[in-house]
Amino acid sequence: QLQLVESGGGLVQPGGSLRLSCAASGFIIGLSAMGWYRQVSGNQRELVARVSSLGSINYALSALGRFTIHRDDAKNTVALQMNKLKPEEPAVYYCNAERGAGYWGKGTLVTVSS
């Protein structure tokens, strides 16, 4: 059974860092494009970063220079290192696997606030 489990969210001060992790089971992440998305309550889910099966990486403009997505094929995980976090509304970060109809984890909440 394919499953994605996110972890690493929490409360962080502006300018701080967080590292999110997505543990995948039931499939090999290296064979799928993997992405991190964020969703603020009441808004649409939006792409933050994506790594293709071939290793090509794309970032949202807001993430460029601050966030890094990293796929670890040995551990079957994909991480999102977030630095220089900006104060904004709390958002749930979701891990996505572009496999079949697409799979999503349950998300992890990130709050950037002083």
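The values are calculated or read from the model by the stated rules, or taken from the named source; none is laboratory data. Predicted model, so just to flag it, every value in this text is computed and none were measured. We place every Cβ from the backbone using ideal geometry, glycine too, and count neighbours over all the protein chains shown. Calculation scope for accessible area: heavy atoms of the full protein, side chains included, ligands and nucleic acids excluded. Shrake-Rupley method; radii C 1.70, N 1.55, O 1.52, S 1.80 Å.
Scan (1) within 19 Å of Gly9 (Cβ to Cβ); (2) surrounded by 14 or more Cβ atoms within 10 Å (Cβ to Cβ) for the single condition Lys106 breaks and write down its number.
The one condition Lys106 does not meet is (2).
Tell me yes or no: at least one residue of the range 24-41 is surrounded by fewer than 15 Cβ atoms within 10 Å (Cβ to Cβ), in contact (Cβ under 8 Å) with a residue 40 or more places away in the chain and part of a loop (DSSP other than H, G, I, E, B).
Checking the range 24-41: at least one residue is surrounded by fewer than 15 Cβ atoms within 10 Å (Cβ to Cβ), in contact (Cβ under 8 Å) with a residue 40 or more places away in the chain and part of a loop (DSSP other than H, G, I, E, B).
On the basis of being farther than 19 Å from Glu6 by Cβ, assigned to a loop (DSSP other than H, G, I, E, B), open to solvent by 60 Å² or more (accessible area, probe 1.4 Å) and not hydrophobic (A, V, I, L, M, F, W, C), does Ser53 make the cut?
no
Name every residue in the range 18-50 that is hydroxyl-bearing (Ser, Thr, Tyr) and under 14 Å from the mean Cα position of the chain (by Cα), in order of residue number.
Hits for the range 18-50 are Ser21, Tyr37.
I need the full set of residues from the range 63-88 which are within 23 Å of Val112 (Cα to Cα), open to solvent by less than 80 Å² (accessible area, probe 1.4 Å) and assigned to a loop (DSSP other than H, G, I, E, B), in order please.
Listed by number, the residues that qualify are Ala63, Gly65, Arg66, Asn83, Leu85.
So Tyr59 clears everything in (1) at pLDDT 95 or above; (2) surrounded by fewer than 16 Cβ atoms within 10 Å (Cβ to Cβ) except one condition, right? Which one?
Status for Tyr59: all satisfied but (2).
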